[in-house]
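Everything below concerns the one structure shown next.
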Amino acid sequence: MTEQPKETKVRLRTEILQTAPYRQGKPAPANSFKLSSNENPFPPLPEVLEAIAAISINRYPDAAATKLSERLAERFGLSRDEVHVGSGSVSILAQLIQAAARPGEEVLYSWRSFEAYPGLVTVAGATSVQVPNTPEHRHDLEAMANAVTDKTRVAIVCTPNNPTGTIVTKSEFEGFMSAVPDDVLVILDEAYVEFVTDSNAVNGKELLGKYENLVILRTFSKAYGLAGLRVGYALGPSRILDAARVTAIPLSVTEAAQLGAMAALDHESKLLERVKVLTERRDATVAQVRALGLPVPQSQSNFFWLPSGEDSSQVNDRLLDHGIVGRLLAPGGIRISIGEAESVEPLLEACKQIASEFQSLTNLPIPN
Ligand SMILES: *Cc1c(COP(=O)(O)O)cnc(C)c1O
């Protein structure tokens, strides 16, 4: 065997070398619950499995995801070019950022928010501008609007926010849209919109056609339980979505993904029943965790945020002791997905122990 040279002289972009590759939630050890990736705990519907078994994998997929795009266009009252399907909404985020922001230009978002945002901005060569969340772990949309400069090309609003579970209200969002110049692309990331039960929350569906600079992102990964198929979509002005189609890697949405998504829409009512089970489980779990005195914000998503500051890694160890694998997002806290019914009891046991052991946490105010 030849020895591998220890150092490569190949010149790589400094900012890429300085960025950590995407780290997935840990695989859960046996006898534990994987609550680290906001996945849907229900197994796929048999109808979805049947649909994806029928594909010819020796053929390339339909590059334009024609049937699924038409289906979504009809559902939202849009034309087909106002819909863009991607291999997960994260890939559409990457496409939009690349289409809009050059080196030296800025992409604005709240922080903490989705851990994929910083990396996507770096890869595009643009600069992240992170606006801190409010003490209640919500987007500070006024501060975000004030952070817009003549270099801002994209502003991302994530509601419900990953990882804090908090929402942006309709009036907050409308205020933001009127404050932001209309040459800035605003992306409303609604990966968890199906879990929202608060009627004050903004819903992108009601804003379609209202703003020339707004794109809405949704996904089949969470509520529809198709995370493994990789399929999401964008709704918005065709001129912006055409730009995303240019930066997209062709043929990355597989036929299985397209057919699986169509089957999920065909059997949507069954999936939405499951969503209801999960939102009820969320409300019950979050209420009990808050009753223990832990400073967990109300969640409108399929996860909740356990702020744990300096103690994050020890708190995470307590969860692991009880077989709960959450997502440690240091510094700051742990995001815990709402999972199987059987996960609730060990999760609450763990939280009880955390509340008694870490007074630094129970001394914090519980957000409204
Ligand atoms: C999960 C998630 C997505 C979507 O992921 P895909 O699987 O790529 O569709 C997008 N935004 C946020 C905030 C998420 O948490």
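The values are calculated or read from the model by the stated rules, or taken from the named source; none is laboratory data. Predicted, not measured: the structure shown is a model, and the values here were computed from it. So basically every Cβ, Gly included, is an ideal-geometry build from the backbone, and we count neighbours across all protein chains shown. When the accessible area is computed, the model is the full protein with side chains, heavy atoms only, and any ligands, DNA or RNA have been set aside. Shrake-Rupley method; radii C 1.70, N 1.55, O 1.52, S 1.80 Å.
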Legend entry - Of all accessible heavy-atom area on the stretch 309-367, the percent that carbon and sulfur account for (1.4 Å): 48
Legend entry - lysines whose Cα lies under 20 Å from that of LYS34, excluding same-chain neighbours fewer than 8 positions away: LYS26, LYS222, LYS352
Inset, instruction - Subtracting the Cα-Cα distance from 0.36 nm times the residue separation, let me have the gained length for ALA287 to GLN18 in nm, one decimal. - result: 92.8 nm
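Could you do me a favour and compute the accessible area per residue for the stretch 308-368, 1.4 Å probe, result in Å²?
Heavy-atom SASA per residue in the stretch 308-368 reads 47 Å².
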Legend entry - For the stretch 48-266, share of DSSP beta bridges that run antiparallel, in % to the nearest 5: 30
Legend entry - For the chain, share of DSSP beta bridges that run antiparallel, in % to the nearest 5: 45
Inset, instruction - Starting from the Cα-Cα distance between GLU206 and THR169, subtract it from 0.36 nm times their residue separation and give me the gain in nm to one decimal. - result: 12.1 nm
Legend entry - Structure-based [θ]222 nm, the chain - -39500 (n - 2.57) summed over DSSP H runs of at least 4, per residue, nearest 500: -11000 deg cm²/dmol
Inset, instruction - Please work out the FRET efficiency for the pair GLU50 and GLU70, using the Cβ-Cβ distance as r and a Förster radius of 25 Å; give the result to the nearest 0.05. - result: 0.70
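Give the peptides 205-212, 159-166, 324-331 in descending order of average Cβ contacts within 10 Å, highest first.
Per-residue mean Cβ counts within 10 Å order the peptides as 159-166, 324-331, 205-212.
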Legend entry - For the stretch 255-298 and the stretch 136-165, distance of Cα centres in Å: 24
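Take the solvent-accessible surface of the protein heavy atoms, probe 1.4 Å, and return the percent of it on the stretch 48-266 that carbon and sulfur atoms account for.
Working: 4500 of 9080 Å².
The computed percentage sits at 50.
Mind giving me the FRET efficiency for LYS9 and LYS151? R0 is 30 Å, r the Cβ-Cβ distance, nearest 0.05 is fine.
0.30
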Inset, instruction - Take the Cβ-Cβ distance between ASN58 and SER238 as r, set R0 to 25 Å, and report the resulting FRET efficiency rounded to the nearest 0.05. - result: 0.15
Inset, instruction - Would you mind getting the accessible area per residue of the stretch 48-266, heavy atoms of the protein chains only, 1.4 Å probe, in Å²? - result: 41
